[in-house]
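The values are calculated or read from the model by the stated rules, or taken from the named source; none is laboratory data. Owing to the predicted nature of the structure, the values given are computational and were not obtained by experimental measurement. Glycine also receives a Cβ, built like all others from the backbone with ideal geometry; neighbour counts cover every protein chain displayed.
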C-alpha cells in the first residue's frame with residue numbers, strides 16, 4: 001500500500017514542477033508480441049500492429065488526463081515491445097524492415113513518441129533471426145520515424161560476444177551513412193548494451209523482456225533541476241553552517257536522497273494512476289536523472305554545484321558516484337518498485353552543461369568513459385568524427401561492455417559518427433536529443449584486437465551461484 005502524501009509533500013512537488021523542471025519523462029507501456037509470431041512476416045506485422053493499437057490506443061489520452069488532473073508534466077508516452085528477433089524469427093524472412101514498418105505505423109496510430117524493441121540479445125551467440133535483425137537495423141532506422149533499436153552484446157554471466165561487437169561497429173557506421181543528411185540521427189536511436197535490463201522505460205534502449213507480463217506500465221521520472229536546487233539551498237541550510245562553509249559529503253548525500261525520495265513518490269503516484277485508468281498492471285518507477293538541453297535541467301551542473309569548476313575535471317567521477325548512489329538509495333526508500341536503470345545519465349548532446357564542457361575541452365572522451373563506470377548507463381549521445389572506422393567503434397563498445405561486465409552493471413554505447421564532421425564541429429538534432437560537439441578519439445588502431453573474434457570469457461564475479 002503506497003504511503004499517503006502529506007500536504008507539505010504536495011506543496012514541495014508543485015514547487016519542483018513549476019520552478020525546477022521536474023517532470024515525468026515517460027510513461028512507457030510494455031507489450032508482449034510473442035503471440036504475434038507467424039511463419040509469414042506480413043501476417044506477424046499485422047498482428048503486432050493490431051495488438052499495439054488495441055492495448056495502447058488510450059495511452060496518450062490517459063497521459064494527458066493525468067497531466068491535467070495532477071498538474072505534473074508528462075513529456076513523452078512510449079511503447080516497448082518484445083525483442084523483435086524473437087517474434088520474427090519463425091518467418092524465416094531475409095529482412096525484418098517490413099515488420100519494423102508495421103511497428104512504426106502502430107506507434108503513429110496511437111500517437112506515442114517512440115517505440116523500442118527492434119532488439120536482440122546475443123551476448124553468448126546469435127541465431128539466424130538475431131543476425132537478420134542486426135542486418136536490418138541500418139535500413140530500419142533510416143526509413144522509420146519512431147522505431148528504436150538495441151542489441152545486448154555482453155553480460156556478467158556470459159562474457160562479451162566479440163563477433164557481435166565487431167558487427168555492431170559496422171552497423172553503427174552504416175546507420176550513420178544512411179542518415180547522413182540528418183547528421184547521422186539514425187545512430188541516436190540505436191543502443192549497444194552490456195547487462196541490458198528488461199523493464200527500462202527510456203529510449204532508445206527499451207524493450208519488453210521475456211520475463212515481463214503480457215502488458216505493463218513503467219514510468220521514467222527525471223528531476224535534475226530539483227536535485228540541483230536542493231544542493232544549492234538545503235545542503236547549506238540544513239547544516240547550520242556559517243556563511244561560506246560547505247556541508248560535508250555525508251550531509252550532501254542525505255540532501256540528494258531526500259530529493260530522490262520525493263521525486264520517486266511522484267513517479268509511482270502517476271504510474272499507479274495510469275495503471276488504474278488503462279487497466280494495465282503497474283511495473284516500476286525508473287528514477288533516472290535524465291537531463292535535457294534546457295537550462296536548469298543538467299546533471300553536469302549538479303556535479304559542478306558540488307564544487308567542481310567544470311565537469312570533466314579531477315573529482316568528476318567521485319562526484320558522479322556519490323550522486324548515482326544517493327539517487328538509488330532515495331528511490332529505494334520511496335518505493336518497493338524501483339527498477340529500470342535508476343541513477344544518473346550523462347548524455348553529452350542532451351545536457352546543456354555537458355555540451356558546454358565538451359565544447360571548451362573540459363571533458364574528453366576518455367574522461368566520459370571513466371565516468372561511465374559509476375553512472376547508470378554509459379557513453380550516451382556522443383558525437384565522434386564521421387571518418388571513424390567500424391573497428392574503432394567496435395573497440396569502444398568492447399571497452400564499455402567490459403566496464404559493465406566486470407562491475408555487474410548496465411553499460412551502453414550510443415555513438416554518432418557524424419558524417420562529414422570533424423573534431424570541433426557540431427551536430428544538431430533538436431528537441432530532447434539536443435546538439436553536441438564532435439569529440440576527438442585516439443588516432444591509433446584497434447583493428448587487430450577486434451578481428452580476433454570469439455567471446456571474452458565471463459569474469460570470476462559470474463561464479464556466485
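Details
- Which listed residue, of 289, 322, is surrounded by 24 or more Cβ atoms within 10 Å (Cβ to Cβ), in contact with a helix residue (DSSP H, G or I) (Cβ under 8 Å, 6 or more places away or on another chain) and under 21 Å from residue 264 (Cβ atoms): 289
- The residue of segment 411-436 that is modelled with the highest pLDDT, among those that are crowded, with 23+ Cβ neighbours inside 10 Å and either over 19 Å from residue 170 (Cβ atoms) or more than 21 Å from the chain's Cα centre (by Cα) (or both), is 411.
- All helices (runs of 4 or more DSSP H) inside segment 176-283 with 2 or more residues being surrounded by 19 or more Cβ atoms within 10 Å (Cβ to Cβ) and at pLDDT below 90: 224-232, 249-278
- If only residues of segment 128-160 that are within 16 Å of residue 99 (Cβ to Cβ) and part of a loop (DSSP other than H, G, I, E, B) are counted, the one that is nearest to the chain's Cα centre (by Cα) is 146.
Every residue, every condition in (1) in contact (Cβ under 8 Å) with a residue 60 or more places away in the chain; (2) closer than 13 Å to residue 218 by Cα; (3) assigned to a helix (DSSP H, G or I), yes or no:
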| residue | (1), (2), (3) |
| --- | --- |
| 291 | yes, no, no |
| 294 | yes, no, no |
| 302 | yes, no, yes |
| 310 | no, no, no |
| 314 | no, no, no |
| 317 | no, no, yes |
| 320 | no, no, yes |
| 324 | no, no, yes |
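- Being in contact with a strand residue (DSSP E or B) (Cβ under 6 Å, 6 or more places away or on another chain), part of a loop (DSSP other than H, G, I, E, B) and crowded, with 22+ Cβ neighbours inside 10 Å is a property that residue 331 lacks.
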